[in-house]
Amino acid sequence: IHALRTERPVHVMLVGERADAAGRGAAFEAGADDFLAWPCEPAELLARATLHVRHRHAVANVARLESEGSPAAECLATLIEEQARGIIVARTMTAHALATLAERRDAETGEHLERMRDYAVAIAEELGRESAYAGLIDGTFIEQLHHAAPLHDIGKVAIPDAILRRPGHLSPEQFEIMKTHAEAGARVLEAILGLEVDGGVTDEVSFMPMAVAIARSHHERWDGGGYPDGLAAHAI
């Protein structure tokens with residue numbers, strides 16, 4: 001890796017089976033910029049690669065600005081902006097990879113994520129024609145919903161296979177465990193983008209606050225009989 005870098009600067013991501021601390025440490029000591037445990041989800045690999053490509057482009061842009069005589073502060077600001085955007089996009093792709101993984105583990109068949117997205121958008125578009133929702137549901141809302149809805153069941157990654165893939169009805173005890181996927185999903189999405197720390201998100205992922213709300217509340221029921229918060233009617 002070091003010999004490769006002496007010829008020209010490159011980003012190196014190692015993919016290997018040794019995902020423990022020692023294995024990762026050896027990879028970084030050898031000069032790797034990133035390490036991904038094998039086997040891995042293709043979408044996660046793509047997300048990580050996208051992040052490094054964006055970093056490479058940011059460095060190239062800074063070099064270009066410097067060659068054009070731009071102030072050092074401006075160069076640094078450009079680098080920071082590009083890096084932040086790349087991290088956010090990579091994290092968002094990771095979120096979708098997790099959602100896809102959750103769907104694959106589920107016993108349900110078919111393109112469930114896409115169906116739920118299309119149903120949600122169709123309902124929202126119809127509601128947007130009513131005066132009561134005219135100020136809430138606009139083109140931006142529909143676009144954000146289109147991106148957010150497929151993440152609704154992301155919390156199922158935290159549910160054991162014995163329950164998630166069980167054929168037939170769940171026992172009351174198993175159902176209580178299954179119900180925790182709503183809160184777990186909201187926590188996963190909050191952690192991915194650091195919403196609690198940053199207090200906001202950029203335009204690229206402005207749908208994520210809606211995704212958090214959907215993940216938490218998509219099993220609430222109109223009469224208050226849903227979960228996890230027992231919300232009713234417009235409170236949902």
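Some notes on this structure:
Conditions tested, residue by residue: (1) under 18 Å from residue 218 (Cα atoms); (2) out of contact with any His (no Cβ under 7 Å at 6 or more places or on another chain).
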residue: 138; (1), (2): no, yes
residue: 145; (1), (2): yes, yes
residue: 152; (1), (2): yes, no
residue: 170; (1), (2): no, yes
residue: 186; (1), (2): yes, yes
residue: 191; (1), (2): no, yes
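- Any hit, the stretch 130-142, residues being assigned to a helix (DSSP H, G or I), open to solvent by less than 50 Å² (accessible area, probe 1.4 Å) and closer than 22 Å to residue 181 by Cβ: no
- The C-beta contact set for the stretch 23-39 (first residue farther than 13 Å from residue 12 by Cα and open to solvent by less than 70 Å² (accessible area, probe 1.4 Å), second residue at pLDDT below 75 and outside any strand (DSSP E or B), distance under 7 angstrom, 6+ apart or interchain) comprises 37/19.
- Residue count for the stretch 189-230, restricted to those that are modelled with pLDDT under 70, loosely packed, with under 15 Cβ neighbours inside 10 Å and within 13 Å of the chain's Cα centre (by Cα): 2.
The values are calculated or read from the model by the stated rules, or taken from the named source; none is laboratory data. Remember, it's a predicted structure, so these values are computed and weren't measured experimentally. Neighbour counts are summed over all protein chains in view; Cβ atoms, including those assigned to glycine, are modelled from backbone coordinates with ideal geometry. Just the protein is used for accessible areas: all its heavy atoms, side chains included, with ligands, DNA and RNA removed. Shrake-Rupley method; radii C 1.70, N 1.55, O 1.52, S 1.80 Å.
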